[in-house]
Every structure is written in C-alpha cells, then in structure tokens.
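Asker: What follows is a single structure, and I will ask about it in a moment.
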Amino acid sequence: MLTTNPFDDDKLREECGVFGVFGSPDATALTALGLHALQHRGQEAAGIVSYDGEDFPAHRASGQVGDIFGSEDVIKSLPGNRAVGHVRYSTAGGKGLRNVQPLFADFEFGGLAIAHNGNLTNSLAVRERLVKRGSIFQSTSDTETFIHLIATSLYEKIVDRLIDAVRQVEGAYSLVVMTQKKLIGVRDPLGVRPLVLGKLNDAYILSSETVGLDIVGAEFIRDVEPGEIVEITENGLRSIKPFKKQKSRFCIFEHVYFARPDSIVEGTSVYDVRKNIGRELARESAVEADVVVPIPDSGVPSALGYAEESKIPFELGIIRNHYVGRTFIEPTDQIRHLGVKLKHNANPGKLKGKRVILVDDSIVRGTTSTKIVDLVRQAGAAEVHMRITSPPTMNPCFYGVDTPSKDKLMAANHDIESMAKLIGVDSLAFVTIDGLYRATGLPGRDNDDPAFCDACFTGDYPIKLTDHNAENKDRKLTQLVERQSA
C-alpha cells in the first residue's frame, strides 16, 4: 500500500486545528464534533485530552477524526467537563505518534495539556538552550518547547509561567491549554494564526474557526485578540494582554484557501472574500470564453464571482470525488498515471468545444494544474485559460504552513508566460496583491504597513526567522526515527 494521492505534494498544506471546551458534561463529545468541523486543517492525526476531576484521560491516533472518535466507547473513556483537542498536519517535527497532540506533561502544580496551531521560528535556538539546562525532549514537535519553558519558569502561577514562555518564543501560534482548574487560549502578538471564543449555555469554547462553534450550536462571542491570553475558570473569563499592542498581520491565505468558506475570520466572511477575489480576477484579467469552471472545492466561490462579474456562464465542468482514500495499490505505472481521476473527473458535456476559464486557488509545484488542464483538454475543450485566486507563491512559509522549498515553487523559478506553457494553458493570470487586499475590503496593500501576513507572495516576513537565517539554517534535531509496523 503506497500513498498515491497525486495532489499531496501540490497544495500548501493546512496547518492544524485546535479546540477546547470548559464547563460542559459533554466536553469530549463536543470536542470531537468541533474537530470534525476543523478536519480540513489537518488530516494526519487527531487527539483529545479531558480532565475528569482526578486524571487526564487521553486518546490520540493517526488518521481522521471520524475513524478515531467515531466510537461511543472512545468518547466514554474520556470523561470530564473540560477537554482540549487537536487535528494535525505536521509542519514541524514528524509524523510519529509521539508528536500527535495535545501534548501532556505533569508539573509540580499538576497536569497540563496543550494543543498548538502554528510554527515557532526560534524553536531550535530555544530548544538547544533548554537541553543545555537539562530538559529532555520526548518529541520533535516545536510545541514541546512550550512545555519545557513552562516547566523551567521561576514563576509560581500557571498563567505567569505561560506568559514567561510565550515571551521567549518567536513565530506564529494559537494555543489551547488545559489544567485541573483552567482552560487557556493564547494568540501570538501579530495574530497570524486564528482563534475564536464562543459559548454554549454555561460552557466556554475555543476553536480555530467559527465552524467549530457552529457544529455544536455555540454562540460566537469574539476573536481572541492578537497577543491576548484568555483564562477560563469556574469564576468566568479573564483577559490578559502581556504584550505591547502591535498591528495585526493575520495570514491572508486563510481567506484564499485554508479556512472553510462558511467560516467568519477576523469579522469577515471567507465565502464573500473568495467571491470578491473572483470579481477582481474578472476585472484584472478578462478573457473571452464560454464557461467559467471551478477546480473543486476551494475554487467554487471565486468562480461564481468571476462568472457574475464577467457575465460568462458558471458550470461544474470538473466533478470532485469526495471519497478518495489516502492509499491504494499501485500495480503498474499505467494505473499510477490514472491517479488524477481518483479525485477529479471531467464533465465532457460542459467542456467539449468550449473556451474554458479554470479557476483555482494557487499554483505550488504545478503538477496538479498540468494534470487538470490535460483532463479538460481530453474532454474536448477548445481553449483553456487558467485564473488563480492568489498572487504567485514565490516564498516558503515558516509560520505553520507546509510549503515546498523555494527551488520547488513553480512561480519562484518561472515567469507567468513560461508557467502557462509548462501547465499547457492558452493564458494564465493571478490576482494581483492589491486585488487580493481589495477583496477583503481594503483599498489595496499598504507596502509600508500591510494589514496581513503575505510573505508567501511578497517575501515580507513580519516575524524574525531565527532558525532559518544563514548561521542556523543547517542546524537540525537529532531525531528518533519511528518505523511504521506492518
């Protein structure tokens, strides 16, 4: 059995999703449902840790949420009125079970479970310092850095230890932390990664996206602010702001691809932004055509916007199979080359003889785009034009998104004309960076004071890259390599 999903290496990988509940007898079941809604943020592994008044029952495994937490017996094995959960795609560390979150540690003040979305950019530097002081790391995840910083802090209260820890790290992070008495949410000072606060009856909920609140019927209260710590106890909620206020640099790719279209992020509908991007594309790069066709699923809202603005009919010319597994047997090269049709199939009646505009969210390596274009041409399209709802991806992300190195990013190594030839389209255009900002409701990008983190497009990294500078780029962890059993 080999991994053969032909799209695995040609998308910017979702980061992770975090979820936490405090004050409900159904905390674990609610957390499992919340993780279902956040499944798009990570499909490698999932875990939940609860607190039953004495112990911290935990269940963590590789796979998807429905497979891991679909059993009533598993839910019953995690009792308590509070829980924290995580869905994971590994952006730091590796795929071993020891890296599956939430991570747990027993301190002098009691147990602590932590779930993390994002990446630290000085993790290696901090880790080396901690190891010299005697810390023994059990995982290769940068999340464990928080645990050791909390453990070695000289402060007495848990929240003060956590503040001490986050002041020593650099990078992007949203954290959900659970102890015997508290549920704590933390967001990095620039608010790169999302975290929202909700309430269900008397229970408080923390979630990476509002869809996590929607699935359990919780009321959205507000976004956790950049640099804010929210502390939830039996006495209610307390807000702590240990950092000097800075202007937010929320990840703009959440709007383009990562967040679910039915989420509200930073007060803005993701679906509306994606439709607006399509409208911007139609205004910026119009082309005569017969149909506008989305590459499912993230391209659908933008294709609708493009069709509305251009007055060109919208059609589902490509149908996605939503039941593709992650593995299948590859007996021959011929079968391997048919892999693209596992996930997408052409709808020939809507493509044959037509001038087609394909709308997609991004081009990373370009391999998927090439296969999709070939699929559409085989279905009889007369012309194929591609429109992309993000600017060219020129740089890797170091803030919680798994991006290929720059030498493997197509846009970093080819101009748009040569990209069009390589992909096999009659024309290719990307939304401009100003057009992307306009789609969010802003007049454009203020180059002196940008409103978002857009480093993957512009190279403007808002947080120091300590572990990735010239002096440190070749440093690596000594890793225990876990072999998968047969």
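The values are calculated or read from the model by the stated rules, or taken from the named source; none is laboratory data. The structure presented is a predicted model; accordingly, all values stated were derived computationally and were not measured. Heads up, the Cβs are rebuilt from the backbone with ideal geometry, glycines too, and the neighbour counts pull from every protein chain shown. Accessible surface is based on the protein model in full, side chains and every heavy atom, while ligands, DNA and RNA are left aside. Shrake-Rupley method; radii C 1.70, N 1.55, O 1.52, S 1.80 Å.
Asker: How large a share of the accessible area of the chain, in percent, is made up of carbon and sulfur atoms when the probe is 1.4 Å and the other protein chains stay in place?
Answerer: 49 percent
Asker: May I pose another question? Please give the peptides 61-68, 154-161 ranked by average Cβ packing (other Cβ atoms within 10 Å per residue), highest first, as a rough proxy for protection.
Answerer: Peptide ranking by packing, descending: 61-68, 154-161.
Asker: Compute the helix-to-body angle for 123-132: its Cα long axis versus the longest principal axis of the chain, expressed 0 to 90° and rounded to tens.
Answerer: Computed tilt is about 30 degrees.
Asker: So what is the accessible area of the chain per residue, in Å², with the probe set to 1.4 Å?
Answerer: Details: 20710 Å² over 486 residues.
Ligands and nucleic acids excluded, the figure is 43 Å² per residue.
Asker: In whole Å, how far is the Cα centre of region 366-385 from that of region 38-53?
Answerer: So the separation of the two Cα centres works out to 38 Å.
Asker: Relative to the Cα centre, what is the charge dipole magnitude of region 32-170, using +1 at the beta carbon of each Lys and Arg, -1 at the beta carbon of each Asp and Glu, and rounding to the nearest 20 debye?
Answerer: 440 debye
Asker: Moving on. Taking the Cα atoms only, what angle lies between the long axis of helix 300-310 and the longest principal axis of the chain, rounded to 10 degrees?
Answerer: So the helix axis and the longest Cα principal axis differ by about 40 degrees.
Asker: I would also like to ask the following. Please work out the C-alpha center-to-center distance from region 121-155 to region 414-456 and express it in whole Å.
Answerer: 38 Å
Asker: Could you pull out every one of the lysines with an alpha carbon less than 21 Å from that of LYS245, ignoring same-chain neighbours closer than 8 positions?
Answerer: Output for LYS245: LYS464.
Asker: Rounded to whole Å and sorted largest first, list the principal axis extents of the Cα atoms in region 272-320.
Answerer: Each principal axis gives a Cα extent; for region 272-320 these are 28, 24, 13 Å.
Asker: Please give, to one decimal in nm, the separation of the simple spin-label points placed at ALA105 and LYS132, each 7 Å out from Cα toward the Cβ.
Answerer: Using points 7 Å along Cα→Cβ, the separation is 1.9 nm.
Asker: Taking H placed 1.01 Å from N in the peptide plane, check which residues at least 5 places from ARG355 or on another chain put their amide H under 5 Å from its amide H.
Answerer: ASP290, VAL291, ALA382, GLU383
Asker: Round to the nearest 10 and give me the degree value, 0 to 90, for the angle of helix 367-378's Cα axis relative to the longest principal axis of the chain.
Answerer: 30 degrees
Asker: Could you tell me which of rounded, prolate or oblate describes region 80-159, using a ≥ b ≥ c as the square roots of the eigenvalues of the alpha-carbon gyration tensor, with rounded for a/c under 1.5 and, failing that, prolate when a/b is larger than b/c and oblate otherwise?
Answerer: Details: a/c = 1.84, a/b = 1.02, b/c = 1.80.
Cα axes put region 80-159 in the oblate bin.
Asker: With label points built 7 Å along Cα→Cβ from the Cα atoms of ILE416 and ARG222, find their separation and express it in nm.
Answerer: 4.1 nm
Asker: Using the Cα centre as the reference, give the magnitude of the dipole from point charges on the C-beta atoms of the chain (Lys, Arg: +1; Asp, Glu: -1; all else neutral), rounded to the nearest 20 debye.
Answerer: Here the chain has a charge dipole of around 540 debye.
Asker: Still on this structure, I have one more. Ranked highest first by average number of other Cβ atoms within 10 Å, how do 220-229, 446-455 line up?
Answerer: 220-229, 446-455
Asker: Work out the FRET efficiency for LYS408 and GLU234 from their Cβ-Cβ distance, taking R0 = 51 Å, and round it to the nearest 0.05.
Answerer: About 0.50, to the nearest 0.05.
Asker: Further question on the same structure: What FRET efficiency do you get for GLN246 and LYS352 if R0 is 51 Å and r is their Cβ-Cβ distance, rounded to the nearest 0.05?
Answerer: Approximately 0.40, to the nearest 0.05.
Asker: At a Förster distance of 56 Å, what's the computed FRET efficiency of TYR155 paired with GLU284, Cβ-Cβ distance as r, to 0.05?
Answerer: Numbers: r = 52 Å, r/R0 = 0.94.
For TYR155 and GLU284, the calculated efficiency is 0.60.
Asker: From the C-alpha coordinates alone, can you work out the Kirkwood hydrodynamic radius of the chain, in Å? Don't skip to the answer; put the middle values down first.
Answerer: Numbers: mean 1/r = 0.0428 Å⁻¹.
Across the chain, the inverse of the average 1/r is 23.4 Å.
Asker: Separation of region 277-307 and region 205-249 by C-alpha centroid, Å?
Answerer: Cα centres, region 277-307 to region 205-249: 35 Å.
Asker: For GLN39 and ASP446 in one chain, what is 0.36 nm times their gap in residues minus the Cα-Cα distance, to one decimal in nm?
Answerer: Value of the extension gain: 143.1 nm.
Asker: Grab the DSSP H runs of the chain that are 4 residues or longer, score each as -39,500 (n - 2.57), total them, divide by all residues and round the 222 nm result to the nearest 500 deg cm²/dmol.
Answerer: Details: 16 runs with 126 residues, N = 486.
The helix contribution divided over the chain gives -7000 deg cm²/dmol.
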